[in-house]
Structures are given as structure tokens and as C-alpha cells.
Amino acid sequence: GIPPEAAKYEIKPPAGVVIGEADQPAIESLTKHAFEKNLPTAAVNEIVGWYLQERTVREEALREAFEAKKTETAAALGQEWGGEYKPNMNKIMGLLDATIPADQAELKTQIKNAIDTNPHFARHYAALALQVNPAGTLGPQGMGANEGNIVDEIKKIETKMRSNRAEYDKDKLMSRVSVDTG
């Protein structure tokens with residue numbers, strides 16, 4: 001059951017498991033070592049099967065740990081930032097979009113993963129985003145709060161100006177506001 005050379009081992013992964021491109025160097029190293037030790041093909045396939053299944057188990061554990069850390073970080077920042085959580089995360093993503101070239105998608109993913117799993121890193125990027133675009137600051141009611149307040153105030157002034165012009169003229173603050181009523 002030993003092939004004439006290392007490259008002639010017929011590797012058969014377990015059902016449903018695929019040997020990926022990233023696995024090839026490890027498999028080639030294993031077959032060279034197995035050939036030097038006169039291991040039969042069946043034994044090599046057992047080892048390859050174990051390796052691939054172990055890799056899958058470890059990758060799944062890493063994924064689960066990553067998702068748990070993401071959830072923990074989002075909860076901590078949500079508690080800290082309250083209604084500003086989503087706007088802050090949007091500002092951070094805007095900063096990443098503006099500063100990382102499109103051909104650097106892997107770098108952007110790595111930074112995003114760090115932000116998603118480390119509250120200190122997220123706070124740092126939120127502070128950077130605020131430095132880069134201080135006008136992006138929002139009121140405590142969340143995204144759109146400032147615009148809504150302004151529109152409401154303009155409607156109030158226009159209503160007062162049309163319905164009770166004398167009171168409007170007496171109110172020095174209100175009458176100083178220049179409103180285009182069309």
C-alpha cells in the first residue's frame with residue numbers, strides 16, 4: 001500500500017470534506033513525511049481525514065468565539081452609546097470607506113473585525129470619525145434628530161407668522177428668523 005513516490009499517494013478526504021488550496025502545502029508535507037516513513041496509503045488517508053475534521057472543528061470554534069465577542073462588544077457599546085450606537089457605527093464605516101482604497105478589501109475586513117470585537121478599538125475609530133467629520137455629530141435622539149427639530153421650528157414660525165402676525169412681530173427672537181414662505 002505504499003506508492004512508488006510521495007506524489008503518488010491517492011488522498012481521499014472524508015465524505016463532504018474538501019481539501020482546499022490552503023490545505024495543499026500541509027498535505028504535500030504530510031505525504032513526503034509519510035513516504036519517508038513507509039506509511040501505507042490507508043494510514044495517510046486516516047491522518048488526512050483526522051486533520052481535515054480537526055481543522056473544521058477548530059474553525060467552527062473560532063467562528064463561534066468571534067460571533068460571541070461581536071455580540072458582547074455590540075452590547076457593551078450599545079449600553080455605553082445608547083441611541084448613538086448605530087450612528088457611530090455608520091460614521092466608522094464611512095471613515096473606513098473614505099480612507100481605505102477599494103482594492104484593500106482584506107484590510108478593511110480586518111479592521112472591521114477588530115472594531116466589531118474590541119470596544120476600545122471601536123471607540124478609537126469613532127473618535128477618529130468625529131475628528132475627520134465633526135459635522136457628523138448628532139443629537140441625543142439619534143440620526144435625523146437635528147434636521148427634524150429644525151423643520152419643526154420652521155413650521156412653527158411660519159404658522160405663527162401667517163395666523164398671528166402681531167404676536168410674531170412682538171417676538172423678537174422669532175421675527176429675527178428669516179423664513180422664505182414662497
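Being open to solvent by less than 40 Å² (accessible area, probe 1.4 Å) and either farther than 15 Å from LEU128 by Cα or charged (D, E, K, R) (or both) is the filter here, so list the residues in region 83-113 that pass it.
Within region 83-113, GLU84 is the sole residue that qualifies.
Taking the condition of being exposed (fewer than 14 other Cβ atoms within 10 Å of the Cβ) and modelled with pLDDT of 95 or more, how many residues in region 119-133 meet it?
Counting residues in region 119-133 that are exposed (fewer than 14 other Cβ atoms within 10 Å of the Cβ) and modelled with pLDDT of 95 or more gives 1.
Just checking, how many residues over region 96-115 are in a loop (DSSP other than H, G, I, E, B) and either touching a residue at least 40 places away in the same chain (Cβ under 8 Å) or of a type in the set (A, V, I, L, M) (or both)?
Total satisfying the criteria: 1.
Taking only pairs six or more apart or across chains, which ones have beta-carbon atoms under 9 Å, a first residue in region 2-28 that is on the phi > 0 side of the Ramachandran plot and modelled with pLDDT of 90 or more, and a second residue that is surrounded by 13 or more Cβ atoms within 10 Å (Cβ to Cβ) and among the aliphatic types (A, V, I, L, M)?
Listed by first residue and then by second, the contacts come to nothing, as the list is empty.
For region 29-53, which positions are open to solvent by less than 100 Å² (accessible area, probe 1.4 Å), touching a helix residue (DSSP H, G or I) at 6+ places or on another chain (Cβ under 9 Å) and in a helix (DSSP H, G or I)?
Correct list: LEU30, THR31, HIS33, ALA34, PHE35, THR41, ALA43, VAL44, ILE47, VAL48, TYR51, LEU52.
Restricting to region 69-78, name every residue that is touching a helix residue (DSSP H, G or I) at 6+ places or on another chain (Cβ under 9 Å) and either touching a residue at least 24 places away in the same chain (Cβ under 8 Å) or open to solvent by 80 Å² or more (accessible area, probe 1.4 Å) (or both).
Scanning region 69-78 gives LYS69, LYS70, GLU72, THR73, ALA74, ALA76, LEU77.
The values are calculated or read from the model by the stated rules, or taken from the named source; none is laboratory data. Predicted model, so just to flag it, every value in this text is computed and none were measured. Every residue, glycine among them, receives a Cβ derived from its backbone with ideal geometry; neighbour counts consider all protein chains shown. Side chains included, ligands, DNA and RNA excluded: accessible areas come from the protein's heavy atoms. Shrake-Rupley method; radii C 1.70, N 1.55, O 1.52, S 1.80 Å.
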